[in-house]
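Structure first, commentary second.
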There are 2 protein chains.
Amino acid sequence: MAREDQLLDQLLHSRGVIVEKLKARRQQIILLASLIDRIPNLAGLARTCEVFRAAALAVADKSILNDKQFQLISVTAEKWVPVLEVPVGSMKAFLEKKKQEGFAILGLEQTANSVALDQYNFPTKTVLVLGREKEGIPVEIIHMLDTCIEIPQLGVVRSLNVHVSGAIALWEYTRQHRQPWQPVTQV
Amino acid sequence: MAREDQLLDQLLHSRGVIVEKLKARRQQIILLASLIDRIPNLAGLARTCEVFRAAALAVADKSILNDKQFQLISVTAEKWVPVLEVPVGSMKAFLEKKKQEGFAILGLEQTANSVALDQYNFPTKTVLVLGREKEGIPVEIIHMLDTCIEIPQLGVVRSLNVHVSGAIALWEYTRQHRQPWQPVTQV
């Protein structure tokens, strides 16, 4: 029995080590998507967050994880990427807290003062706020941001889908922070 | 009457100059999306191609431009980005022709020999082949490619949506080729 206990201990320890390694390989960027309404966009973002190992995806209402359409698009990504619940009314408090924890608070939005995505160096600890599908980020949240960044858009039709914008920003963060010599398949 | 003719001439000339300027501002990357089946992906790509002013989007069947779902998602992008028709059976001939015109033929696909997106310098004249939603790029097309590039995927769920992958690759091309001091709003 003592032998079995020992084996179980070892097993739990190994499991703990693997979980810690998985956690350690997460990047330190949180996508705050509470303003986004459309389920395909949220599910797509969950998948994209998982692919780039974002620290977390924050949504207004976690019950969307049980939505069939969400599950179809996210292809189980929500089982791997930590999903936080941050209702729209709690966004300010959440951002204040993250600011105190040393995170840079960024918004992805076209404003007069926005910095072009490729002209910006992402801090390691970053919260990226995404805007509503049509109206973007409300002004009271804009005021809380350290920086607004924008994707330079060259065309006549001037709007990328919010999932695509978020994915491009997350790629740019990843490109700046990843170590290319590190095999990406290893845990 | 002669005066009116003169004015009309001037008007047509100015219009011609503007159209030429618009054309000149297109980047020299063509997205070959003939293998993609899902209309939301194709419509999203049209919008993304327009935002980054790709030279053209090639699809298997141009009649999708009349599809209501396509139009809803593309938000008139298809009126601005040149859309070419390249049926799946004509892809090889199209790629051969573009190769002769000096285009690099790239594929976006995870293979043993793929180059990570951020380790690759995009040639100015580029055709980027996107794969089918599930099966990717068929082997006979892979053989025609100059290079396969891939987006480094760090997560457990290892697949980005094809529209998102294409958008990230198009952003990376744009990032490498655009001149940041150039105001993006000017025509």
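The values are calculated or read from the model by the stated rules, or taken from the named source; none is laboratory data. On a predicted model such as this, the values are computed, not experimentally measured, just so you know. Cβ sites come from the backbone with ideal geometry, for glycine too, and all protein chains shown count toward neighbours. Only protein heavy atoms, including side chains, enter the accessible area calculation; ligands, DNA and RNA are left aside. Shrake-Rupley method; radii C 1.70, N 1.55, O 1.52, S 1.80 Å.
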Identity of the residue in region A:115-153, within 22 Å of B:Gln176 (Cα to Cα) and part of a loop (DSSP other than H, G, I, E, B), that ends up modelled with the lowest pLDDT: A:Gln153
query: Among the residues of region A:112-130, how many are in contact with a helix residue (DSSP H, G or I) (Cβ under 7 Å, 6 or more places away or on another chain) and either closer than 19 Å to A:Ala167 by Cβ or within 14 Å of chain B (Cβ to nearest Cβ) (or both)?
result: 9
- line: Those residues of region B:79-136 that are within 26 Å of A:Trp171 (Cα to Cα) and among the charged types (D, E, K, R) come to a total of 7
statement: Within region A:42-64, residues open to solvent by less than 30 Å² (accessible area, probe 1.4 Å) and part of a helix (DSSP H, G or I) come out as A:Leu42, A:Ala43, A:Gly44, A:Leu45, A:Ala46, A:Thr48, A:Cys49, A:Glu50, A:Val51, A:Ile64
task: Please give the number of the condition B:Ser159 fails out of (1) at the interface with chain A (Cβ under 9 Å from one of its Cβ atoms); (2) open to solvent by less than 30 Å² (accessible area, probe 1.4 Å); (3) in a loop (DSSP other than H, G, I, E, B); (4) within 21 Å of B:Leu45 (Cα to Cα).
output: (2)
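Table: residues versus (1) among the polar types (S, T, N, Q); (2) in a helix (DSSP H, G or I); (3) open to solvent by less than 40 Å² (accessible area, probe 1.4 Å).
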residue	(1), (2), (3)
B:Ser90	yes, yes, no
B:Glu96	no, yes, no
B:Gly107	no, no, yes
B:Asn113	yes, no, no
- prompt: What residue, among those in region A:69-104 that are at pLDDT 95 or above and among the β-branched types (Val, Ile, Thr), is nearest to the chain's Cα centre (by Cα)?
  reply: A:Val83
query: Inside region A:131-156, can you point out the residues that are within 14 Å of chain B (Cβ to nearest Cβ), in contact (Cβ under 8 Å) with a residue 12 or more places away in the chain and either more than 23 Å from A:Gly102 (Cβ to Cβ) or surrounded by fewer than 18 Cβ atoms within 10 Å (Cβ to Cβ) (or both)?
result: A:Glu133, A:Glu150, A:Ile151, A:Pro152, A:Gln153
query: Got a sec? Which of B:Ile30, B:Ile36 is assigned to a loop (DSSP other than H, G, I, E, B) and aliphatic (A, V, I, L, M)?
result: B:Ile36
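Counting just the residues of region A:162-177 that are open to solvent by 10 Å² or more (accessible area, probe 1.4 Å) and either among the basic types (Lys, Arg) or in contact with a strand residue (DSSP E or B) (Cβ under 7 Å, 6 or more places away or on another chain) (or both), which one comes out farthest from the other protein chains (Cβ to nearest Cβ)? Reasoning before the result, please.
First, pick out the residues of region A:162-177 that are open to solvent by 10 Å² or more (accessible area, probe 1.4 Å): A:162-163, A:165, A:175-177.
Narrowing further to those that are either among the basic types (Lys, Arg) or in contact with a strand residue (DSSP E or B) (Cβ under 7 Å, 6 or more places away or on another chain) (or both): A:165, A:175.
On the way: A:Ser165: 9, A:Arg175: 5 Å.
Looking at the filtered set, the residue picked out is A:Ser165.
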- prompt: Would you pick out the residues in region A:65-88 that are open to solvent by 60 Å² or more (accessible area, probe 1.4 Å), part of a helix (DSSP H, G or I), within 14 Å of chain B (Cβ to nearest Cβ) and not aliphatic (A, V, I, L, M)?
  reply: A:Gln69, A:Gln71, A:Lys79
statement: Per the filter on region A:34-53, residues in contact (Cβ under 8 Å) with a residue 60 or more places away in the chain and facing chain B (nearest Cβ under 9 Å) are A:Pro40, A:Gly44, A:Thr48, A:Cys49, A:Phe52
task: Report, by residue number, each residue of region A:98-111 that is acidic (Asp, Glu) and under 20 Å from A:His163 (Cβ atoms).
output: A:Glu109
